[in-house]
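Notes follow once the structure below has been shown.
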Amino acid sequence: MNYESIIAAQKSASVEVVRRLDRLEAYLRDDPGNASLLAEAFETALIARQWDRAQFHMQHALALNPGSLAWSLREADFWLAQGKSDEALNVLHKLESLASPPPGLADAVLHNLALLDFQSNQYVQCIARLQSRMDTDAAPGFSLPLTKLWLRALHQSGELDRAVQWVLHLSPEHRLDPDVSGIASLIALDSQRFDLAGEWSEAALVHVGQSKRPMEALIAQASLALARRDAARARELSLAALQMNPADGRSWSTCAFAELLAGEAALASQHFQTAIQTMPEHIGTWHGLGWSRLIQHQLESARSAFEAALALDRNFSESHGGLAVVLALENNLRGATEHAERALRLDPANLSGRFAQAILRGEISNPQAFEQLAQRLLSDQAAPLGGGSIWSGALQSAMARSVNARAD
């Protein structure tokens, strides 16, 4: 399946959800008091983003069951789905204030309150809200929704080691839940625990059907495929993740690196730009965009991409190194020297800074020399799974092809 067909499939799925809602409402006309049909129709209307129809079923159910706590929770879901946090908070605080909530209600309310924190990027507040509940022994009171949100909040806040250790202390049956293992695998990947990333992502995928594979596990496996310089496998897994969520920036970025590794610079550039639309502060994606544009001889736009990465963090060696390569290819001796030296001060093993210096010294005369130098530079790098750093294969391909930009 290609990228265009993924979007088409998503649109087709949306049409099918509306058709399913139509069928449920037809059944309700014959049996308007059916509680399970009402709940299913309401939830389907939320998925289809048919707010008026969802509200109709919610009001009908509340009229049939005044004071229903289950439908009060669904009312909070109704406001949350539309991003109306004040209305959702009003409902949730009333439920939170109940003196003796039934089993499960307290966790459901806590989850939705923490979800509001998460959706507003208040990750520290989300963690603080969940901490007392999640610091207790996870069994027998294990809550899958709370666990997933807890781990995602730790991930987003940068508390990677804390998240990894928390997962390691889960009992085995909980740790191997596909959703938990999938989230944990991506956290392990970002904390450079490639062994755990491989173990947990495989555990997440091995016992589930294709339609239920956790997206995080697919992205982790795709990234590990990049580390092995397996562009085809990385592309396949990234496409599978995008089929689940075509708006996910990280999946687009991983796909783009797979295309860069495969030598499809124009396609990689398109996908990097799509990724940046949803995660404009992801420095690695700006680097990928810079390299993909450089390969296409688009030096000015490549320079803009590396400058955008520098604007996010001026102490990132690869941003300086990538910019140094562009400036060297533009014959800007002073600028290239300055940024190459800065890159190597920040990280003496920085590949692109050393690459820029080689260009300035005139060591690169043809594509074969570029390829040989790239291989020599990369041979010194740490090699998880025997394949170099996660992006090194794509970087090697980019450096080896960028010599053609100088000829123009």
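The values are calculated or read from the model by the stated rules, or taken from the named source; none is laboratory data. The model shown is predicted, which means the values in this text are computed figures rather than measured ones. Counting neighbours? That spans all protein chains shown, and the Cβs are built from the backbone with ideal geometry, glycine included. Each accessible area value is taken on the protein alone, full model and side chains, heavy atoms only, with ligands, DNA and RNA left out. Shrake-Rupley method; radii C 1.70, N 1.55, O 1.52, S 1.80 Å.
Can we say Leu294 is in contact with a helix residue (DSSP H, G or I) (Cβ under 7 Å, 6 or more places away or on another chain) and modelled with pLDDT of 95 or more?
So Leu294 does not fit the description; no.
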If a residue must be more than 12 Å from Asp313 (Cα to Cα) and assigned to a helix (DSSP H, G or I), how many such residues does region 271-286 contain? 9
Select from region 136-164 the residues that are part of a helix (DSSP H, G or I) and open to solvent by 20 Å² or more (accessible area, probe 1.4 Å) and list them in ascending order. Leu144, Pro145, Lys148, Arg152, His155, Gln156, Ser157, Leu160, Asp161, Arg162
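Name the one entry in Ala54, Ala99, Ala114 that is over 25 Å from the mean Cα position of the chain (by Cα) and modelled with pLDDT of 90 or more.
That would be Ala54, the only listed residue that is over 25 Å from the mean Cα position of the chain (by Cα) and modelled with pLDDT of 90 or more.
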Hey, any hits in region 207-219 for a residue that's surrounded by fewer than 18 Cβ atoms within 10 Å (Cβ to Cβ) and on the phi > 0 side of the Ramachandran plot? no
Looking at (1) at pLDDT below 90; (2) surrounded by fewer than 19 Cβ atoms within 10 Å (Cβ to Cβ), can you tell me which one His93 breaks? (1)
Condition first: in contact (Cβ under 8 Å) with a residue 40 or more places away in the chain and small (Gly, Ala, Ser). Now tell me which residues in region 213-225 satisfy that. Ser223
Filter pass, Ala70 being of a type in the set (A, V, I, L, M), in a helix (DSSP H, G or I), open to solvent by 50 Å² or more (accessible area, probe 1.4 Å) and closer than 28 Å to Asp117 by Cβ: yes
Given the residues Glu259, Glu330, Glu264, which is the only one that is open to solvent by 20 Å² or more (accessible area, probe 1.4 Å), of a type outside the set (Lys, Arg) and under 24 Å from the mean Cα position of the chain (by Cα)? Glu264
Could you check how many residues of region 165-185 are open to solvent by 10 Å² or more (accessible area, probe 1.4 Å), in contact with a Ser or Thr (Cβ under 9 Å, 6 or more places away or on another chain) and within 14 Å of Met215 (Cβ to Cβ)? 1
Can you confirm whether Pro280 is at pLDDT 90 or above, open to solvent by less than 10 Å² (accessible area, probe 1.4 Å) and not hydrophobic (A, V, I, L, M, F, W, C)? no
Of the residues that sit in region 226-269 and are free of Cβ contacts under 8 Å to residues at least 24 places away in the same chain and outside any loop (DSSP other than H, G, I, E, B), which one is farthest from Trp200 (Cα to Cα)? Leu267
Restricting attention to region 150-167, which residues are over 20 Å from His111 (Cβ atoms) and in contact (Cβ under 8 Å) with a residue 24 or more places away in the chain? Leu160, Asp161, Val164
